[in-house]
Amino acid sequence: MLTVDFSRFPLAAGDRVLDLGCGAGRHAFECYRRGAHVVALDRNGEEIREVARWFGAMREAGEAPAHATATALEGDALALPFPDDSFDVVIISEVMEHIPDDKGVLAEMVRVLRPGGRIAVTVPRYGPEKVCWALSDAYHEVEGGHIRIYRADELLDKMREAGLRPYGTHHAHGLHSPYWWLKCAFGVDNDKALPVRAYHKLLVWDIMKKPRATRLAESALNPLIGKSFVAYATKPHAPTGLLPAETPATDTAGTGTPTGETLTTEAPVTETPAPETAPTAAPAAPVAPEEGP
């Protein structure tokens with residue numbers, strides 16, 4: 001289940017990609033399949049080791065082009081272990097709402113992104129997230145949980161202040177907002193409530209089968225209750241003040257979704273190589289909704 005729309009955020013074979021706060025690796029895997037040189041970074045060492053195993057499985061299964069490369073790193077978002085201008089593409093999905101110093105993270109991403117490079121940022125959308133917070137304190141009052149709810153214009157302003165030029169926005173995962181409202185209403189840790197179980201089965205079926213009916217339904221729901229707000233931007237070649245006015249962003253009425261992909265700080269940077277014995281196949285999609293506190 002991808003939050004970044006690669007038809008709006010083009011990726012070329014050979015692009016150097018940083019998936020910052022990669023979590024379970026869903027965007028890193030897609031970039032690897034598309035022939036990129038991928039670095040997946042997160043503080044969670046257990047998840048990084050699992051991502052490395054899946055990278056190895058993808059190599060063995062021939063799911064990525066031979067020229068593509070993939071590395072999983074454990075590291076700190078506020079002190080990225082890369083020189084300036086190291087990447088063509090940076091993705092940070094459902095991470096910034098967890099980090100107190102979000103401006104510091106943006107500054108680090110801009111530093112390692114080359115001039116002319118592209119960045120995708122996704123966060124919980126304001127409206128659906130406010131409902132979750134109103135229904136349940138347990139949803140967000142957890143260690144490493146969400147500490148803020150972004151308005152779309154607030155996030156875009158912070159991106160501009162960091163030196164980026166936003167060029168487009170949209171919303172995603174409209175079918176997932178009602179699931180999290182149910183979870184919050186019946187108890188975030190209560191997976192036995194019948195409405196929660198039934199809706200979860202629907203989402204798993206949708207993720208795995210992608211039927212036309214639910215795809216059309218989600219397309220209609222995304223502008224209204226899409227769980228994620230997604231913003232795309234470029235790093236200018238010249239100082240922002242010397243550039244023409246930016247293209248107005250579209251569909252900026254809210255802000256994105258929690259996915260449980262938490263990146264915090266203070267972890268040492270360690271590279272996790274793919275093990276000799278890897279899983280037999282890489283996951284084409286998660287088997288359950290990934291959004292969460």
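The values are calculated or read from the model by the stated rules, or taken from the named source; none is laboratory data. This structure is a prediction, so every number in the text was calculated from the model and none was measured. Here the Cβ is made from the backbone with ideal geometry for all residues, glycine too, and neighbour counts use every protein chain on show. Note: areas computed on protein heavy atoms with side chains; ligands, DNA, RNA excluded. Shrake-Rupley method; radii C 1.70, N 1.55, O 1.52, S 1.80 Å.
Values computed for the structure shown
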{"quantity": "Selection count where residues are surrounded by fewer than 16 Cβ atoms within 10 Å (Cβ to Cβ) and in contact with a Gly (Cβ under 9 Å, 6 or more places away or on another chain), scope region 67-82", "calculated": "2"}
{"quantity": "Given (1) of a type in the set (S, T, N, Q); (2) open to solvent by 10 Å² or more (accessible area, probe 1.4 Å); (3) touching a residue at least 60 places away in the same chain (Cβ under 8 Å), index of the condition Thr3 fails", "calculated": "(2)"}
{"quantity": "Glu97 vs. criteria crowded, with 20+ Cβ neighbours inside 10 Å and not small (Gly, Ala, Ser)", "calculated": "yes"}
{"quantity": "Complete set of residues in region 45-63 that are surrounded by 20 or more Cβ atoms within 10 Å (Cβ to Cβ) and either at positive phi or touching a helix residue (DSSP H, G or I) at 6+ places or on another chain (Cβ under 9 Å) (or both)", "calculated": "Val51, Trp54, Phe55, Met58"}
{"quantity": "Count of residues meeting criterion [at pLDDT below 95 and buried (at least 16 other Cβ atoms within 10 Å of the Cβ)] in region 100-139", "calculated": "2"}
{"quantity": "Flag if Val39 is more than 18 Å from Ser228 (Cβ to Cβ), in a strand (DSSP E or B) and open to solvent by 20 Å² or more (accessible area, probe 1.4 Å)", "calculated": "yes"}
{"quantity": "Residue list for region 6-36, filter: of a type in the set (Phe, Trp, Tyr), buried (at least 20 other Cβ atoms within 10 Å of the Cβ) and within 23 Å of Asp84 (Cα to Cα)", "calculated": "Tyr32"}
{"quantity": "The one condition in (1) touching a residue at least 24 places away in the same chain (Cβ under 8 Å); (2) more than 24 Å from Gly145 (Cβ to Cβ); (3) in a loop (DSSP other than H, G, I, E, B); (4) among the small types (Gly, Ala, Ser) that Ala79 fails to fulfil", "calculated": "(2)"}
{"quantity": "Neighbours by Cβ (under 9 Å, 6+ apart or cross-chain): first from region 150-177, touching a residue at least 60 places away in the same chain (Cβ under 8 Å); second open to solvent by 10 Å² or more (accessible area, probe 1.4 Å) and part of a strand (DSSP E or B)", "calculated": "Met159/Arg165; Leu164/Thr234; Arg165/Thr234; Pro166/Thr234; Tyr167/Arg118; Tyr167/Thr234"}
{"quantity": "Residues (under 20 Å from the mean Cα position of the chain (by Cα) and either hydrophobic (A, V, I, L, M, F, W, C) or open to solvent by less than 60 Å² (accessible area, probe 1.4 Å) (or both)) located in region 188-220", "calculated": "Leu203, Val204, Asp206, Ile207, Met208, Glu218"}
{"quantity": "The listed residue being open to solvent by 30 Å² or more (accessible area, probe 1.4 Å) and within 18 Å of the chain's Cα centre (by Cα), out of Arg165, Arg160, Arg151", "calculated": "Arg151"}
